[in-house]
Amino acid sequence: MRDKRLPPLRAGHQVQLLQGGRDFFPELVRAIERSVHEVRLETYIFHFDTSGKRVAGALVRAARRGVAVYLVMDGVGTPFVPKDWASRFDEAGVEWRIFQPLGHLGLLIPSRWRRLHRKLCVIDGQVAFCGGINVLDDWFDHHDVRLPAPRLDFALRVSGPLVRSVHEVMVQFWWRLQAVRDVKNIDLAASWSDLEQAVRLALQAAQTDHADGQGSVPANGVPAAAGTRAALLLRDNLRHRSRIERAYRKAIGEAHEEIIIANAYFQPGRKLRQALIHAAQRGVRVRLLLQGRYEYFMQFHAVRMVYGVLLRAGIEIHEYEPSFLHAKVAVIDRRWATVGSSNLEPLSLLLAREANVVVVDEHFAGELRARLVHAMEHEGRPVDPKSYAHRPWQQRLLDRLAFGLMRVMIFLYGKRY
């Protein structure tokens, strides 16, 4: 039975799995270079390294040939744009914004913990990209420190009915940003004008989608299977506060054979933990691929507080070690899959704007599953329950401290998790 609080899965999609920047950036740049009418891009980090400059250059060239280009970056992930690139954007006509710049007090103000964490792009209302990959080179972190191996992350390229949904939410988000900016500048007339323009663009895209979107094929030339169903899942602070987590719990609750989850910052709440434990207890094989390298104190240590209860339930935990794990993906029963930006931890599930795509398709799910199984078996370290139970007291102390800090942050924000 379908949960009416979740968007319906619609057929007729073409979906291509992209692993890391090696797959993602060539496809993204190619699509931008082919754009005719409009490009919209949202990202948490836009780092002007080699990969970032390729994307930025494609945006500038598109704007110069008359394409309407809209770019939104988060104020924590992208606190500033280099002056030379800001000038290039402005001269070419790229419309760009930084969402919630931190200001002098930074994250000391709880309301500023709300971040734009989703990674979305829609081009000409015909093709969309969604996933966990920032505009950031795989081999470097955002401090330009070279990694021992490329980070593990995924995105997808999709055409079909849900592209219209992606376009609509990006248009709405843009005019909200613009309206807030105009109100601050006491320019209500401009704010209303931008709203009218946003509505007009949405209607034009819808008409184009209806007229031209039938029978399209992806860049690799492989036509869609008629049964490829997909849906866009959003997480915001308005109507969709728990939609992504609810979709996970529903799929986990219906699992019969296997659950594989790869998640960079994993700190599941009580309901999600119980869903995983109940699945394991009824004979479902549950495997988790989690962060094995230290990146952030709270995220690295807090998750280890829940290892014990998961391991005792028979859940397998593998820690990814070659580089940073940044993926936020899952495959259930070799048929249901999701790729997106949402970590399964409170700060992501309660505070950040996130976007995931759910795909129900055996071929797509099988491809993603194969890559995750390879990562677990060849690049992951299985967590031994006995070793975990006898870890040093210093490790236990850090784990408890991180877990407590995360709980305090959620309490300060006024949420129960």
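The values are calculated or read from the model by the stated rules, or taken from the named source; none is laboratory data. The shown structure was predicted, so the numbers you read here are calculated from the model rather than taken from an experiment. As a convention, Cβ positions derive from the backbone with ideal geometry for all residues, glycine included, and neighbour counts pool all protein chains shown. With ligands, DNA and RNA removed, areas are computed over all heavy atoms of the protein, side chains included. Shrake-Rupley method; radii C 1.70, N 1.55, O 1.52, S 1.80 Å.
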> If you check every pair at least six apart or on different chains, which have Cβ atoms under 7 Å apart with a residue in the range 271-288 that is farther than 19 Å from Val383 by Cβ first and a residue that is part of a helix (DSSP H, G or I) and among the basic types (Lys, Arg) second?
Replying inline: Lys271/Arg249; Ala275/Arg249
> Which residue pairs have Cβ atoms under 6 Å apart, sit 6 or more places apart or on different chains, and have a first residue in the range 5-31 that is open to solvent by less than 40 Å² (accessible area, probe 1.4 Å) and a second that is outside any helix (DSSP H, G or I) and hydroxyl-bearing (Ser, Thr, Tyr)?
Replying inline: His13/Thr228; Gln14/Ser159
>> Can you tell me which residue is farthest from Leu120 (Cα to Cα) among those in the range 50-85 that are open to solvent by 80 Å² or more (accessible area, probe 1.4 Å) and part of a loop (DSSP other than H, G, I, E, B)?
In response: Arg65
> Residue check, Arg2 against (1) out of contact with any Pro (no Cβ under 8 Å at 6 or more places or on another chain); (2) at pLDDT below 95, all met but one. Which one?
Replying inline: (1)
> Pairs, please: C-beta under 9 Å, at least 6 apart or cross-chain, first residue in contact (Cβ under 8 Å) with a residue 12 or more places away in the chain and in the range 125-141, second of a type in the set (Asp, Glu) and open to solvent by less than 10 Å² (accessible area, probe 1.4 Å)?
Replying inline: Gly131/Asp153; Gly132/Asp153; Ile133/Asp153; Asn134/Asp153; Asp138/Asp153
> Only one residue in Phe173, Phe129 is closer than 22 Å to Leu28 by Cβ, outside any loop (DSSP other than H, G, I, E, B) and modelled with pLDDT of 95 or more, so which one is that?
Replying inline: Phe129
> So which residues in the range 5-23 are in contact with a helix residue (DSSP H, G or I) (Cβ under 8 Å, 6 or more places away or on another chain), of a type outside the set (A, V, I, L, M, F, W, C) and part of a loop (DSSP other than H, G, I, E, B)?
Replying inline: Arg5, Pro7, His13
>> For the range 24-45, which positions are part of a helix (DSSP H, G or I) and in contact with a Leu (Cβ under 8 Å, 6 or more places away or on another chain)?
In response: Phe24, Glu27, Ile32
>> Every residue in the range 338-382 that is closer than 14 Å to Tyr248 by Cα and more than 14 Å from the chain's Cα centre (by Cα), please.
In response: Val359, Val360
> Take the residues of the range 147-171 that are free of Cβ contacts under 8 Å to residues at least 60 places away in the same chain and touching a Gly at 6+ places or on another chain (Cβ under 8 Å): which is most open to solvent (accessible area, probe 1.4 Å)?
Replying inline: Arg164
